[in-house]
Amino acid sequence: MRPGLETETTRYLRARARFGPLEILFWVVAFSTIWLLPTRHLILTETVIWGLFALSLDLILGYAGIISLGHAAFFGVGAYAAGLLAKYELINEPSLALLASALAAAALGFATSFLVLRGSDLTRLMVTLGVSLVCFELANRYGDITGGADGLQGVTVAPIFGLYRFDMFGHVAYIYCLVVLFILFMLARRIVNSPFGLSLKAIKGNPLRSAAVGIAVNWRLVAVYTLSAGYAGVAGALLAQTQAFASLSMLSLERSADVLLILIIGGTGYLYGGILGALIYRLLQDYLSDLTARYWQFWIGLLLVAIVIIGRDRIGRWIAPVVRFASQLGRRPAPAKVATPEKGG
Amino acid sequence: MAPVLETRSLDKRFGGIIAANAISIAIEKGARHALIGPNGAGKTTFVNLLTGMLRPSGGEILLDGAPITYLAPYRRVRLGIARTFQINQLFADLTPIETLGLAISERHGSGRDWWRIVGTRHGVTEEIGELLERFGLADVMTERTAVLPYGKQRLLEIALAFACRPRVLLLDEPAAGVPEAERHEILTTIAALPADVTVLLIEHDMDIVFGFADRISVLVNGELFVEGAPDAVARDPRVKAVYLGEAFDG
């Protein structure tokens, strides 16, 4: 073998999964808001939850190429699960309840994953939409359990680990949500850099060839869909716990559409898109509703059209120099390049 | 010697059209077997049947004597049948390193591993390096596949199938569409494939077939028309009549 080829390969694969300076900066800034922006914690909590929800969608859309217009089904199931667990004091400790809610949403994800295996994007759009509508109407119909149109009332959430009670300013809630987001983000990051994650990207790129290199395409899709549903369930549960409330709007089509919008604004397939999208969305919403209280969605709509028309690739090229510059700042001096003899030499 | 891959009266019908009619072919272990035939003879259909991309309407496919007729494509790959495609089927957004790493990980069964970082398993990067070298892809190993020159994409197409370490490798017109200048590299690469890998070559170009194969099957209208050693097939007047025609007179 050409000398150094294996080393170069190893280095390339390591660099692929390494934390860049921009990433580290991102999380430092995110956690510093705990101290720097104490008056904004309520709105930031909401943003973090949207970010986690959009991250869950990114796992299927950005990595496996499954488009969904019904992701709120899992969000809502997670929310109602957390709400009911707290209301009836079945699982009092919030982080355990979070886990249980994630499992409930993941179970629904697993059960419905088989419906999205086949078919085109349009089929998947319709099937996911259908599933979420069914969930919505079930929650509406069984109002004696879910509270129906009035929402789930009388939820009291116990202190986290029995120690930290949710305060009225939302400080504890924000820290709680941010920590959950961080943990789940790092887990997702690990997963997408694994052989499993690579196989998802392959399936997204070319399912036919994926099968021809020995990938059990359907089972991988089932796995990631289930995972994504679990993530969405956690997001929903966080909202229910921090607001001590669950409602039909958490299952609604509008929520499914919003999360798709947020993810598209932030960009798919690099994990940060969901969080950045949520941030941009919230900031725009704030800024624009100051400007034109009733018509702020006009501008969101315009932005969406602009992003889609301009295209991800072109935007990526515009910001590429910035990203490259930033990642060079933090790089250790490159090791001397291995001399590469001329081909055939 | 026992055949490694064998079909017994394999049929495939699409509605009223017969794409494969009672095809029985045995491919010997280590063979350099070529499958030729005019356009629409059913060559690619036959490959799709062998790899499980199509379900046969009748007949049997045996790998080492065991039936695999209705096995899912990915299972056949794991049993040792890999193929290339006549029209590139690659992962546009992955680099050659990632593409080969993917196939190797899958072969190791670590494709379900969601915790390990790609390439940290022992021996993976070494094998990626070997494959890059063997298929002349080292110079472009960190480029997105979508931007590679066509000839390199063709090489990656073969490298990807080879990374599955198949016992039987099906090459569907490996040099199709490759400019004359880059053709040579592909042909030398194919000629240098290890002897213990059985190769079934589907090809149009007679120079390639007769330079490579030690056995040739001729398909016409979905049926096995003639089979034999290259010189016997070349001399066969019926073959000349239906297929080779001018290519041999010239």
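Rule-based calculations on the coordinates, nothing more; no lab input. Everything quoted here is computed from the prediction, not taken from an experiment. Neighbour counts run over all protein chains shown; Cβ positions are idealised from the backbone, glycine included.
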Query - Residues satisfying the stated conditions in segment A:64-122, i.e. polar (S, T, N, Q), in contact with a helix residue (DSSP H, G or I) (Cβ under 6 Å, 6 or more places away or on another chain) and surrounded by fewer than 24 Cβ atoms within 10 Å (Cβ to Cβ) - result: A:Thr112, A:Ser113
Requested in this report: Output the residue which, of all residues in segment B:131-153 that are under 22 Å from B:Leu170 (Cβ atoms) and in a helix (DSSP H, G or I), is farthest from the chain's Cα centre (by Cα).
Outcome: B:Thr145
Query raised in the report: Any residue in segment A:198-205 that is away from every other protein chain (no Cβ under 12 Å), farther than 20 Å from A:Ile275 by Cβ, without any contact (Cβ under 8 Å) to a residue 60 or more places away in the chain and assigned to a helix (DSSP H, G or I)?
Result: no
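Do the conditions hold for B:Glu130, that is, is it of a type in the set (D, E, K, R), in contact with a helix residue (DSSP H, G or I) (Cβ under 8 Å, 6 or more places away or on another chain) and either farther than 13 Å from B:Thr189 by Cβ or at the interface with chain A (Cβ under 7 Å from one of its Cβ atoms) (or both)? Working first, answer last.
Details: of a type in the set (D, E, K, R): yes; in contact with a helix residue (DSSP H, G or I) (Cβ under 8 Å, 6 or more places away or on another chain): no; either farther than 13 Å from B:Thr189 by Cβ or at the interface with chain A (Cβ under 7 Å from one of its Cβ atoms) (or both): yes.
Judged against the criteria, B:Glu130 is not a match.
Condition first: within 8 Å of another protein chain (Cβ to nearest Cβ) and either surrounded by fewer than 18 Cβ atoms within 10 Å (Cβ to Cβ) or free of Cβ contacts under 8 Å to residues at least 24 places away in the same chain (or both). Now tell me which residues in segment B:107-119 satisfy that.
Scanning segment B:107-119 gives B:Ser110, B:Gly111, B:Arg112, B:Asp113, B:Trp114, B:Trp115, B:Arg116, B:Ile117, B:Val118, B:Gly119.
So, restricting to helices (runs of 4 or more DSSP H) that lie completely within segment A:80-154, which ones have at least 2 residues that are under 30 Å from A:Lys204 (Cα atoms)? Lay out the reasoning, then the answer.
Values: elements: A:94-113, A:121-141, A:143-146.
It comes to A:94-113, A:121-141.
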Requested in this report: Considering every residue within segment B:62-76, establish whether at least one is buried (at least 22 other Cβ atoms within 10 Å of the Cβ), more than 24 Å from B:Val209 (Cα to Cα) and of a type in the set (A, V, I, L, M, F, W, C).
Outcome: no
Query raised in the report: Hey, does segment B:154-162 have a residue that's facing chain A (nearest Cβ under 10 Å), charged (D, E, K, R), crowded, with 18+ Cβ neighbours inside 10 Å and outside any strand (DSSP E or B)?
Result: yes
Query raised in the report: Which one of the conditions (1) within 14 Å of chain B (Cβ to nearest Cβ); (2) more than 30 Å from A:Val29 (Cα to Cα) does A:Phe110 fail to meet, given that it meets all the rest?
Result: (1)
Query raised in the report: With respect to the numbered conditions (1) more than 20 Å from A:Ala212 (Cβ to Cβ); (2) under 19 Å from the mean Cα position of the chain (by Cα), which one is the sole condition not fulfilled by B:Ala82?
Result: (1)
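To keep it simple, each residue is scored yes or no on (1) surrounded by fewer than 24 Cβ atoms within 10 Å (Cβ to Cβ); (2) under 23 Å from the mean Cα position of the chain (by Cα).
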{"site": "A:Arg11", "(1), (2)": "yes, no"}
{"site": "A:Phe19", "(1), (2)": "yes, yes"}
{"site": "A:Leu22", "(1), (2)": "yes, yes"}
{"site": "A:Ile43", "(1), (2)": "yes, yes"}
{"site": "A:Glu46", "(1), (2)": "yes, yes"}
{"site": "A:Trp50", "(1), (2)": "no, yes"}
{"site": "A:Leu57", "(1), (2)": "no, yes"}
Query raised in the report: Before we move on, is B:Glu182 assigned to a helix (DSSP H, G or I), away from every other protein chain (no Cβ under 12 Å) and not hydrophobic (A, V, I, L, M, F, W, C)?
Result: yes
**Report entry** Residue count for segment A:206-232, restricted to those that are more than 9 Å from every other protein chain (Cβ to nearest Cβ) and aromatic (Phe, Trp, Tyr)
**Finding:** 2
